[in-house]
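Following: one structure in structure tokens, then a few remarks.
Just so it is clear, none of the values below were taken in a lab; they were calculated from the coordinates. For clarity, every value in this text was computed on a predicted model and none was experimentally measured. A quick note on method: Cβ atoms are made from the backbone with ideal geometry, for glycine too, and the neighbour counts reach across all protein chains shown.
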Amino acid sequence: MSLAGVVKHFPIRRGVIVKSVIGQVQAVDGVTLDIRHGETLGLVGETGCGKSTLARCMSRLHPLTAGRITFDGHDISRLPPRQMRPFRRDIQMIFQDPYGSLNPRRRVGSIIGDPFAIHGVADGLERRRRVQELMELVGLNPEHYNRFPSDFSGGQRQRIGVARALALRPKLIICDEPVSALDVSIQAQIINLLESLQSEFKLTYVFIAHDLSVVQHVSDRVAVMYLGKIVELADRDSLYGSPRHPYTAALLSAASVADPDRAAARRRIVLGGDVPSPIDPPPGCRFHPRCPKAQQLCTHSEPPLAAVLDDPPGHRTACHFPVGDGESLIDAVPGIEQTEEA
Amino acid sequence: MSVSELSDQPATTPTQATSGGVVGRSPWQLAWIRLRRDRVALVCAAFIGLLVLIAVLADPLSHWIGWSPIQQDRDTGTDINGLPVGPGHVHLLGTDQLGRDILVRLIYGTRVSLVVGVSAAVAAVLIGVIVGLCAGFLGPVVDSILARLMDVVLAFPFLLFAIALVTVVGPSELLEIGVIAFFSWAAVGRIVRGQTLAIREREYVEAARSLGAGNLRIMVIDVLPNLIAPVLVYVTLLIPVSIVFEATLSFLGVGIIPPTPSWGNMLDDAQQGGLYQVAWWFLAFPAAALVLTTLAFNLLGDSIRDALDPRTERLFAK
């Protein structure tokens with residue numbers, strides 16, 4: 001799948017009968033991204049940076065405001081629902097909330113069998129057999145076919161969601177924070193399940209999370225989002241080893257470290273202020289009001305997403321003043337006035 | 001995560017531990033268990049069951065009592081002044097101004113009330129659910145059209161409209177059902193619309209969409225089952241409203257055509273010329289039937305609502 005300049009704006013309307021558009025929430029604002037076959041692409045960023053919106057654009061749950069999405073060489077960005085259906089078999093989603101994503105009034109067997117019913121693949125006993133196969137595959141007891149979602153724990157429910165996404169043997173699964181709502185011990189189980197399924201069925205994952213260590217564990221490549229844009233995109237080791245964008249560096253420094261000695265020795269980069277509103281994002285580089293390295297240039301010129309310093313072409317950063325190897329941002333002094341200090 | 005935490009979700013099924021292990025029960029089974037424990041619900045259900053039985057067995061009952069609902073007892077039905085006679089061994093609940101047996105007329109009135117009340121309520125709910133579901137689900141354009149339509153219906157002066165319509169078309173039972181349904185569906189539609197708007201945003205609807213399900217499938221398979229509980233409650237609350245509505249129309253002479261008895265036109269007869277001042281039974285029995293029936297349906301509706309919503313039970317748990 002590849003995305004070219006994908007934009008999703010949500011209009012803000014006011015008025016009772018005559019509605020006028022008074023603004024746009026620029027949830028996703030120009031994302032260009034290639035997802036390679038068989039890889040896991042991690043997508044990280046703060047709450048509200050547009051990760052989930054981007055996921056819903058990829059799965060065509062949201063119509064695009066602008067841009068193009070191609071899948072297997074077909075432009076799917078503006079297909080009407082009927083022509084989109086065959087592609088839905090190849091692109092599936094796993095949702096964040098294991099409670100909200102399963103209809104409480106339906107039995108598990110019918111939920112997992114939904115893809116078969118919708119696409120007319122199998123019915124009757126054949127559907128039941130295949131659903132039970134899937135349940136076994138994701139580690140559920142096939143005898144629980146007739147139970148309701150509420151009879152299951154959070155982790156088991158997420159397995160139901162995985163089984164449903166897997167039913168039609170998709171090529172790409174978009175995982176929208178699949179483990180954020182789970183206990184840490186359960187998170188590991190679900191991640192291991194996703195990894196074993198990936199190698200078994202040659203799946204491609206887009207893995208959205210705000211937990212950096214989870215993303216580091218599962219991803220081949222990682223994209224960092226800030227305010228609707230991708231600010232840095234690189235191989236996992238390259239990104240975690242030498243983050244170029246000041247925002248990535250700040251995120252990584254804020255992630256928790258298991259070793260207390262290292263944690264104590266470490267100094268965190270503290271960003272001032274809050275994430276600006278996506279209704280009225282700052283001009284130039286969107287990160288400049290909070291960036292410790294911001295200069296006058298950043299306030300009016302938007303940096304392109306490109307290889308910086310002596311990075312390989314796969315490591316792209318949207319920054320005028322990228323962070324060098326070994327450079328510390330702790331004592332960096334911005335060249336412009338910043339928003340209030342934290 | 002413990003079982004009790006899980007059951008904080010609406011419509012969840014806490015698994016119940018029994019000596020034989022853990023038994024999974026559907027939300028409906030649990031609601032049924034709660035309902036059966038509710039004494040008020042049981043009494044009301046029994047009373048309604050009795051009414052249904054009376055309505056079904058109206059013919060043999062009246063035959064057994066010995067009077068037909070339109071038969072005028074010229075010998076013992078009225079006293080020497082032509083006034084109705086009170087309850088006694090010939091006429092258990094007395095007679096009306098034409099010497100007809102009140103008890104038998106009440107029995108046939110039960111039939112009218114239930115048939116009109118239930119079918120009008122069911123028709124209103126069917127229309128309301130379909131319109132509300134479409135308004136809530138099919139997007140802002142359909143919604144604004146249908147929502148305005150519901151506003152218009154709710155703004156109608158329904159009694160004036162009913163009287164005018166009956167005057168033009170002529171009264172009939174079917175027309176009465178139609179009129180009641182027409183003025184009741186919009187309230188159901190609003191409730192269903194609101195619920196649908198909320199359910200539409202749930203992740204499982206998105207999940208169905210991402211699987212490629214069409215609007216109709218999502219509406220029927222994913223949204224509708226989540227509406228059944230509130231709709232069921234509304235039906236049981238709408239039936240008594242429709243029964244009172246029927247009585248009102250008959251009372252005003254635009255419902256059931258005399259001499260066919262209904263509780264409404266019996267009340268009308270009783271107040272003609274202030275007859276109830278000398279013959280209290282004439283007014284009291286139909287009124288009591290109406291009040292008790294309405295009360296039974298309302299209390300049952302409340303009980304069903306409590307049974308379907310596990311959270312209210314927890315509020316009043318011992």
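Here are the numbers for the structure shown:
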item	result
Shielding by partners - mean other protein chain Cβ count within 10 Å, residues of B:179-191	0
Viscosity 0.890 mPa s, temperature 25 °C, Stokes-Einstein D of chain A from Kirkwood C-alpha radius, µm²/s	114 µm²/s
Karplus (6.51, -1.76, 1.60) ³J(HN,Hα), θ = phi - 60°, over the stretch A:6-14, in Hz, Gly and Pro reported as x	6, 10, 9, 10, 9, x, 9, 10, 9
For A:73-83, mean number of other protein chain Cβ atoms within 10 Å	1
Helix A:184-201 vs. chain A, principal-axis angle (Cα, 0 to 90°, nearest 10)	70 degrees
Gyration tensor (alpha-carbon) shape descriptor, the stretch A:242-342, a/c threshold 1.5	oblate
About the Cα centre, charge dipole magnitude for the stretch A:242-342 (Lys/Arg +1, Asp/Glu -1 at Cβ), debye	160 debye
Total lysine pairs under 23 Å (Cα atoms) in chain A, excluding pairs fewer than 8 apart on one chain	7
Alpha-carbon centroid distance for the pair the stretch B:114-144 / the stretch A:140-181, whole angstrom	34 Å
Total formal charge among the other residues, if their Cβ is under 12 angstrom from that of B:Leu154, Lys/Arg +1 and Asp/Glu -1	+1
Within the protein assembly as shown: Cβ-based charge dipole about Cα centre, in debye rounded to nearest 20 (Lys, Arg +1; Asp, Glu -1)	920 debye
Cα-based helix-to-principal-axis angle, A:124-137 vs chain A, degrees rounded to 10	40 degrees
DSSP H segments from chain B that extend 18 Å or more along their own axis, Cα-based, with Kyte-Doolittle mean of 0.5 or above	B:39-56, B:102-137, B:140-155, B:173-200, B:224-251, B:280-308
Helical contribution to [θ] at 222 nm, DSSP H n ≥ 4, -39,500 (n - 2.57), averaged over chain B, rounded to 500	-22000 deg cm²/dmol
Neighbour-count ranking [beta-carbon atoms within 10 angstrom, fewest first] of A:Leu239, A:Leu297	A:Leu297, A:Leu239
Over chain A, relative contact order from alpha-carbon pairs under 8 Å, at least 6 apart, %	18 percent
At 1.002 mPa s and 20 °C, Stokes D of the protein assembly as shown from Kirkwood alpha-carbon radius, µm² per second	72 µm²/s
Whole-angstrom gap from the stretch A:121-139 to the stretch A:275-338, using each part's C-alpha centre	50 Å
Peptide A:142-149, shielding by other chains (average Cβ, 10 Å cutoff)	3
Whole-angstrom gap from the stretch B:24-102 to the stretch A:77-105, using each part's C-alpha centre	56 Å
Reference-scaled alpha-carbon Rg (2.2 N^0.38 Å with N residues) for the stretch B:64-157	1.91
For the protein assembly as shown, share of DSSP beta bridges that run antiparallel, in % to the nearest 5	65 percent
Sum of side-chain charges, A:Leu227 neighbourhood, beta-carbon under 14 Å (Lys, Arg +1; Asp, Glu -1)	-1
Over chain A: helical MRE at 222 nm, DSSP H runs n ≥ 4 each giving -39500 (n - 2.57), nearest 500	-8000 deg cm²/dmol
Relative packing of peptides B:120-126, A:132-138, A:51-57, B:58-64 - highest average C-beta neighbours within 10 Å first	A:51-57, B:120-126, A:132-138, B:58-64
Lys, Arg +1 and Asp, Glu -1 on Cβ, resulting dipole of chain A about Cα centre, debye, nearest 20	1700 debye
13 Å beta-carbon shell around B:Ser113, net charge (K/R +1, D/E -1)	-1
For A:Ile76, distant residues with modelled amide H under 5 Å away	A:Ile69, A:Thr70, A:Phe71
